[in-house]
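Here's the structure we're looking at; comments come further down.
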Amino acid sequence: MTVSVRSFVLLVALVPGAARAAAPSLETIMARAQARSESLAALRARVEECREAVRQARGWDNPGLGVSVGASQAGVARGTAIETTVSQPLSFPGKRGWRVAVADAELDLARAEVRRGETGLAVSTLRLAWEFALRRRLAGLTTARQARLETVQGYLAGRLFPSPQRRAERQIVELRLRELAAAHLEADAAVASAASHLAFLAGEDEPGLSELTVPWVEGATRWDAGGWSVRLLDGNPDLAAQRAVVAAARAAAGLARREAWPDPTLFAVSSRNSADGSGMLGAGVEVALPFLNRNRAGHRRQLARLDAEEHRLDAIVRQVESEGAAARVELDAAQSQARLYSEAFLADLEAGVVEADREFQRGRLDLLVYLELDGQAADAARRGLEAQRQAVDRWSALCELAGVPDMAAALVEFLAGSGGGAR
């Protein structure tokens, strides 16, 4: 894959005399968002809960101690009878292993939820960063267009007796300026909204957030579909979570089959009767007789649950394969758009508009031709910035499907063309 990387820096006005803070990197912003997320903290706490549940499932039942005292009589002699019982409940062979398997599967599910949360938050942060930077650039382009057209408006207003042609041209410029004013308000609102969300994720005290720099993606050539298919099936968080659910259902079915057999209890008994001086010391085993309840319905219920979860797993596999194929197609299309509107092309186009503005002021370019070029150039810039957003959105969607663990490193590979499933 061939990708060239350029950067553009989007600056905002600061308080006069205030020091300008260095712009944070995307890696820093994503790391801060991960550290600050209360949702991720809750998911990680759930992992600790499940880890303790595994330890608890491996434990043994506590032994029991029973003491009974009563009056006794042997002929005319009276006394006291004391009986002491010590017991130890045991699990039927295999039950404890299945209980541990259920707890292990729930732990795997909790870990899959953490991974899904981390990937989703990284994707959201990345998209917000690009949205903020691209909207900021669009606002800057709108400001430059307004300044040029205001100069044209002043030039046209200086004519005392304009012809019908000039009056129409004046109205065209006034309408264009009104449209730009509305577009500027919309762009400012979009920038403020993205900045607010980004500050919420990265922290209000993150210095230099408004100085954020994002790379410019020129596009790629070809993707290794086979490699990505493997990554999707191996790393997809939904698949990982559903595999854990299937494992839990399978373990629950095995446990339900063992539940048909009762758990035995070993005990030892010691008794002494002071009335006649007799005593007894013995041991035994107590077990329930599985005549009335063999847990057959419970076992069938767990088998039906296992069948349902396996079907759901197959459905998720097909869904992930379908979404992955669609995401790759959409990413290829977005990268093709990015190649059409490269940063060099847009820079040359903007330089051409500036040159056309100078030629118009010298009276060597017709106003309507100048306005047409200005409008076409603005449309091309919007399409170019939208292609950037789409390329990052489609790439991050593919990474989210694949459950890429380190989005910052994957981004570097994607922009450098050295990895990420590309060739």
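The values are calculated or read from the model by the stated rules, or taken from the named source; none is laboratory data. Just so it is clear, the model here is predicted, and its values are computed rather than measured. Note that each Cβ is placed from the backbone with ideal geometry, even for glycine, and that neighbours are counted across all protein chains shown.
Just one of the listed residues (E400, E386) is assigned to a helix (DSSP H, G or I) and in contact with a Ser or Thr (Cβ under 6 Å, 6 or more places away or on another chain), namely E400.
Against the criterion of being over 29 Å from G403 (Cα atoms), out of contact with any helix residue (DSSP H, G or I) (no Cβ under 6 Å at 6 or more places or on another chain) and of a type in the set (A, V, I, L, M), A187 does not qualify. Residues in the range 48-75 that are of a type in the set (G, A, S), surrounded by 12 or more Cβ atoms within 10 Å (Cβ to Cβ) and more than 30 Å from A110 (Cα to Cα) were compared, and the one that is modelled with the highest pLDDT is G64.
Of note, W223 satisfies the criterion of being buried (at least 17 other Cβ atoms within 10 Å of the Cβ), at pLDDT below 80, of a type in the set (F, W, Y) and farther than 30 Å from A57 by Cβ. Of the residues making up the range 319-358, those that are surrounded by 13 or more Cβ atoms within 10 Å (Cβ to Cβ), over 21 Å from L398 (Cβ atoms) and of a type outside the set (A, V, I, L, M, F, W, C) number 5. What do you reckon, is N273 surrounded by 13 or more Cβ atoms within 10 Å (Cβ to Cβ), without any contact (Cβ under 8 Å) to a residue 60 or more places away in the chain and closer than 30 Å to L65 by Cα? Against the criterion (surrounded by 13 or more Cβ atoms within 10 Å (Cβ to Cβ), without any contact (Cβ under 8 Å) to a residue 60 or more places away in the chain and closer than 30 Å to L65 by Cα), N273 does not qualify. Scanning the range 162-174 for residues that are of a type outside the set (A, V, I, L, M) and in contact (Cβ under 8 Å) with a residue 12 or more places away in the chain yields a count of 3. Inspection of the range 261-284 finds no residue satisfying the criterion of being part of a helix (DSSP H, G or I) and closer than 21 Å to P93 by Cα. Beta carbons closer than 6 Å, at least 6 apart along the sequence or on distinct chains, pair a first residue in the range 111-122 that is closer than 10 Å to L40 by Cβ with a second that is among the polar types (S, T, N, Q) and outside any helix (DSSP H, G or I) for L121/S37. Only residues that are of a type in the set (S, T, N, Q), surrounded by 14 or more Cβ atoms within 10 Å (Cβ to Cβ) and either modelled with pLDDT under 85 or assigned to a helix (DSSP H, G or I) (or both) were counted in the range 26-47, giving 2. Of everything in the range 145-166 that is surrounded by 13 or more Cβ atoms within 10 Å (Cβ to Cβ) and of a type in the set (A, V, I, L, M), the residue that is farthest from A187 (Cα to Cα) is L156. All of (1) surrounded by 17 or more Cβ atoms within 10 Å (Cβ to Cβ); (2) closer than 30 Å to Y155 by Cβ hold for Q388 with one exception: (2). Evaluate the following for L177: is it touching a residue at least 60 places away in the same chain (Cβ under 8 Å), surrounded by 14 or more Cβ atoms within 10 Å (Cβ to Cβ) and in a helix (DSSP H, G or I)? For L177, the condition - touching a residue at least 60 places away in the same chain (Cβ under 8 Å), surrounded by 14 or more Cβ atoms within 10 Å (Cβ to Cβ) and in a helix (DSSP H, G or I) - is not met. Scanning the range 145-161 turns up at least one residue that is farther than 30 Å from A409 by Cα, assigned to a helix (DSSP H, G or I) and without any contact (Cβ under 8 Å) to a residue 12 or more places away in the chain. Considering only the range 76-127, state which residues are assigned to a strand (DSSP E or B) and either surrounded by fewer than 18 Cβ atoms within 10 Å (Cβ to Cβ) or modelled with pLDDT of 90 or more (or both). If the condition is that a residue be assigned to a strand (DSSP E or B) and either surrounded by fewer than 18 Cβ atoms within 10 Å (Cβ to Cβ) or modelled with pLDDT of 90 or more (or both), then A77, R78, G79, T80, I82, E83, T84, T85, V86, S87, Q88, P89 are the ones that fit.
The rows are residues; the columns are (1) under 30 Å from L233 (Cβ atoms); (2) without any contact (Cβ under 8 Å) to a residue 40 or more places away in the chain.
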{"position": "D348", "(1), (2)": "no, yes"}
{"position": "G352", "(1), (2)": "no, yes"}
{"position": "A356", "(1), (2)": "no, yes"}
{"position": "G363", "(1), (2)": "no, yes"}
{"position": "L371", "(1), (2)": "no, no"}
{"position": "A377", "(1), (2)": "no, yes"}
{"position": "R389", "(1), (2)": "yes, no"}
{"position": "W395", "(1), (2)": "yes, no"}
{"position": "V404", "(1), (2)": "yes, no"}
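Looking across L212, L198, one residue alone is at pLDDT below 80 and touching a Phe, Trp or Tyr at 6+ places or on another chain (Cβ under 8 Å). It is L212.
In the set (1) assigned to a helix (DSSP H, G or I); (2) farther than 30 Å from S396 by Cα; (3) charged (D, E, K, R), the condition left unmet by E309 is number (2). Taking the range 334-346 only, how many residues are in a helix (DSSP H, G or I) and either in contact (Cβ under 8 Å) with a residue 40 or more places away in the chain or of a type in the set (K, R) (or both)? So the count comes out to 8. Does A356 qualify as being at pLDDT 85 or above, in contact with a Leu (Cβ under 7 Å, 6 or more places away or on another chain) and not polar (S, T, N, Q)? Judged against the criteria, A356 is a match.
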